[in-house]
Structures are given as structure tokens and as C-alpha cells.
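Participant: Below is a structure I'd like to ask you about.
Here, each number is a calculation from the coordinates, and none is a lab measurement. Keep in mind that this is a model prediction, so the values were computed, not measured. Cβ: placed from backbone, ideal geometry, glycine included. Neighbour counts: every protein chain shown.
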Amino acid sequence: MSDTARVADSWHSPRLGREVDVVRWGDAGTPVLFFPTAAGDAEEVERFLMLDALAPLLEAGRLRFYSVDSVPGQVWLTEDNSVPHATRVQNAFDEYVAEELVPAIHADCGQESEIVVTGASIGAYNALAAICRHPDLFSHAICLSGTYELSKFLDGEMDDTWYRASPLHFVPDLPEDDPVLQRLRQRFVLIAHGTGRWESPEESWSVAACLGARGVPNRVDEWGDEWDHDWPVWRQMLPQFLDEILPH
């Protein structure tokens, strides 16, 4: 893929009160938004060779691949992980994605295309949260080796802001006639994990049970013991799942 297919951008987000970087690779196809791991930045996928794994799909013009700084993870791990500050940042990030980043992706694509959202580890949580909170914006979520229970990152008791940020907590309580739930039932969530080192398969199954109980289409794809919670696994998983989902 030529250098001209890579475009980096950044702007100061008033919602987050900081500069946020976004990088796009590819110039045609379905927009796919990737959330990095933990405190990763927008270029993490490039450093860990995910773009090499996605090259056939990019060169075939099947996707435009966007990656954004993991702002909440950066705050939690390097600044302040206390509730309610950490959960306020998470919800501000959600607003940034919906109100700033998605319109920027639409402008870049030249149309208001539905977006596939994905991520690994804590990025998988961000992908799940994005589609559960905004099923009008995202068509599919591909969640790789996800960490979905935020208590392992946050210091403090659950408050309302945390509750609203956590699909495992707010999805079960959505009213049957809620338009968000109705739209979410028209979406699809793919939940993948290995069973090797550092993986937590039970978290994937908890998400599947949560979604399934509300009639949200989903699938768990479990890989074997040789597949660890690490980039070599995600480089195998993501191209395979995108090839399954993206139009030819």
C-alpha cells in the first residue's frame, strides 16, 4: 500500500479537553474504526503490524481503516483512574466518537456510511460500548480478546456515569420499547478470544449472554490454547472476520 493511502489528522476536542490523533489507511471501501489496547495511540496498529495483515483488504479497496487514540485508557493508566473522574472521561470519549469522529469519517468518505467498529483488549470494550450506545452509527462490532468489566481498571464504587458506560450493566435494563434496543437488535456483534495466556474467555461469554438475553444478534468465536492475548492472535483474527463481514 502506498504512503498516499495513509492520512494522519488531529484536533483539539472540547469534550475531552485535549488533542486527539486519528490515522486512516486506505482510500476506498467500508469505513472500519479501530480502538487500540489500554493506553495505546492511533498508530499502535501500525507498530504492531496490523496494517500488514490487512493489506490484501486495503489493496482490494474493501475498507478504509481508521484508528484513534485510546484517551480513556491513557487517563486511567497514566493520570487518574478514580471514579467519577475516570468514568467522566469515558463518557466524554463516547461523545467525542459520536459527535466529532464519526462526522469526520463521514466527511472523509463523502457519505454517511455505516461504520464497522472493532478493537482489541480494552479496545474491544470500546467497540462494544460504541455499538450498544449508538447502533444508529455502527453496523457491526468485532471484539477481540475483550476486557468488558471495568472494575479491574477503575478505583471506586459504581456510579451512574459508570453504569451508563458499561454495556454489561445498562443493556439488561433497556426498556423493551427503547429505540436503542430496537436498533441494536438489527446489528451484529462478533466476540472472539483465544484460550491461551492472559485471556479471559468468561468475559466474552458474559457479553454474549447479556446480548442474547435482549435479542441482540451475536456470535462467540473461541480459538484454541495456542492463541494468547496478544497481537499475533489479533493479526490473524481481524482480517478473517473483516473478510467475512465486508462486501466484496
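Participant: Fewest first, what order do 203, 176, 244, 114 take by the number of other Cβ atoms within 10 Å?
Facilitator: Values: 203 21, 176 8, 244 11, 114 14.
Going from sparsest to densest Cβ surroundings: 176, 244, 114, 203.
Participant: Looking at the chain as a GNM with Cα springs under 10 Å, which of 72, 217, 175 has the largest mean-square fluctuation?
Facilitator: 175
Participant: Let me ask you something else. Rounded, prolate or oblate: which one fits the range 1-119, using the alpha carbon gyration tensor with axes a ≥ b ≥ c (rounded when a/c is under 1.5, else prolate when a/b beats b/c, else oblate)? Please list the in-between numbers first.
Facilitator: On the way: a/c = 2.36, a/b = 1.64, b/c = 1.44.
In terms of gyration-tensor shape, prolate.
Participant: Which residue, 144, 16, 168, has the most motion in a Gaussian network model of the chain that connects Cα atoms within less than 10 Å?
Facilitator: Its mean-square fluctuation being the largest, the pick is 16.
Participant: Considering only the chain, what is the antiparallel percent among its DSSP beta bridges, to the nearest 5? Please report the intermediate quantities before stating the final value.
Facilitator: Numbers: 12 of 38 bridges.
The antiparallel proportion sits near 30 percent.
Participant: What length, rounded to one decimal in nm, is gained on full extension from residue 107 through to residue 6, with 0.36 nm per residue of separation minus their alpha-carbon distance? Walk me through the intermediate numbers first.
Facilitator: Numbers: separation 101, 0.36 × 101 = 36.36 nm, distance 1.62 nm.
Difference between extended and current length: 34.7 nm.
Participant: Rank 64, 197, 24 by mean-square fluctuation in a GNM of the chain with C-alpha springs under 10 angstrom and give only the top-ranked residue.
Facilitator: For the chain, modelled as a Gaussian network with Cα springs under 10 Å, the answer is 197.
Participant: Taking the chain on its own, what percent of its Cα-Cα pair distances exceed 21 Å? Write down the numbers at each step before the final one.
Facilitator: Working: 16798 of 30628 pairs.
Tail fraction, whole percent: 55.
Participant: Quick check on the range 65-142: take the gyration tensor over C-alpha atoms, sort the square-rooted eigenvalues as a ≥ b ≥ c, and tell me if it's rounded (a/c under 1.5), prolate or oblate. Each step should come with its number before you reach the end.
Facilitator: Numbers: a/c = 2.08, a/b = 1.84, b/c = 1.13.
The shape class here is prolate.
Participant: With an 8 Å cut-off on Cα pairs and a minimum separation of 6 or more residues, tell me the relative contact order of the range 25-72 in percent. Working shown, then result.
Facilitator: On the way: 74 pairs, mean separation 30.1, N = 48.
63 percent.
Participant: Please state the relative contact order of the range 3-245 as a whole percent: Cα pairs under 8 Å, 6+ residues apart?
Facilitator: Values: 485 pairs, mean separation 41.9, N = 243.
Once divided by the residue count of the range 3-245, the mean separation gives 17 percent.
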